[in-house]
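Here's the structure we're looking at; comments come further down.
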Amino acid sequence: MILYLHGFDATSPGNHEKMRQLQFIDKDVRLVSYSTLHPKHDMQHLLNEVSRQLLQSDDTNPIIIGVGLGAYWAERIGFLNGIRSVLINPNLNPQDNMVGKIDRPEEYADIAGKCVSEFRVKNQGKALVILSRQDQVNDNQSVSEQLSSFYQICWDEEQPHKFPVLASHLPQINSFKQA
């Protein structure tokens, strides 16, 4: 089973396309949607929904995949649910770069402060990070510097922030899922 978390643009048709591409790895790809506007509510909703989805599946190797803001959540929710995650162009600092887009961006800082201390150390090796060199939203060099001590980093030379075409990375994602 692959759980897919969309980014800030929840209604983008690219989400459906990415889910279709992920079906080449696993036929059971499930969208886990959230509001994107209310971080504390989103976190509780995602924790509950992912736990429910895991209980409904007999897959012994599920993964959670997120793009952008979805990758922010995939890392945390994956850790808290004990499953591995794939982070595509993760937005690591929504409290700084989403001001004016969400109602209470400061809640992300609050969530980070209340999260398990040093969770990345405890989650080391349990995430695969795919970063675009052509990302027009994130400073992915900075993202790489923040995450490379904990997770494997794979670079993509062509895809933009929303990463519409996963095809060249499906073998990596599949190997990570099967490991």
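Since every read-out is calculated from the coordinates, none of them should be taken as a lab result. These figures come from a predicted structure and were not determined experimentally. Quick reminder, even Gly has a Cβ in these numbers, built from the backbone with ideal geometry, and neighbours come from all protein chains shown.
Placing +1 on the Cβ of every Lys and Arg and -1 on the Cβ of every Asp and Glu, with nothing else charged, gives the chain a dipole about its Cα centre of roughly 400 debye. Only DSSP H runs of four or more residues enter the estimate; each adds -39500 (n - 2.57), and after division by the residues of the chain the mean residue ellipticity at 222 nm equals -12000 deg cm²/dmol.
Net charge near Ile173: determine it from the other residues with C-beta under 13 Å of the C-beta of Ile173, scoring Lys and Arg +1 and Asp and Glu -1. My count for the surroundings of Ile173 gives +1. Label-to-label distance for Ser175 and Gln134 is 2.3 nm, based on points extended 7 Å past Cα in the beta-carbon direction. A cut-off of 5 Å between modelled amide H atoms, ignoring neighbours fewer than 5 places along the same chain, links Tyr4 with Arg30, Leu31, Val32, Ile65. Inter-part distance, region 1-77 to region 82-135, computed on C-alpha centroids, equals 14 Å.
Our summary gives region 13-132 a relative contact order of 23 percent, counting only alpha carbon pairs under 8 angstrom and 6 or more residues apart. What the Cα convex hull of the chain gives, in volume per residue, is 105 Å³.
Taking Cα atoms of region 115-179, Rg/Rh with Kirkwood Rh, to two decimals? Walk me through the numbers on the way to the answer.
Details: Rg = 12.7 Å, Rh = 12.8 Å.
Result for region 115-179 is an Rg/Rh of 0.99.
Largest mean-square fluctuation among Leu22, Leu92, Leu55, in a Gaussian network model of the chain whose springs join Cα atoms under 10 Å apart, belongs to Leu55.
Ordering Ile153, Ile63, Asn93 by the projection of their Cα atoms onto the charge dipole of region 49-179, which places +1 on the Cβ of Lys and Arg and -1 on the Cβ of Asp and Glu, puts Ile63 at the extreme positive end.
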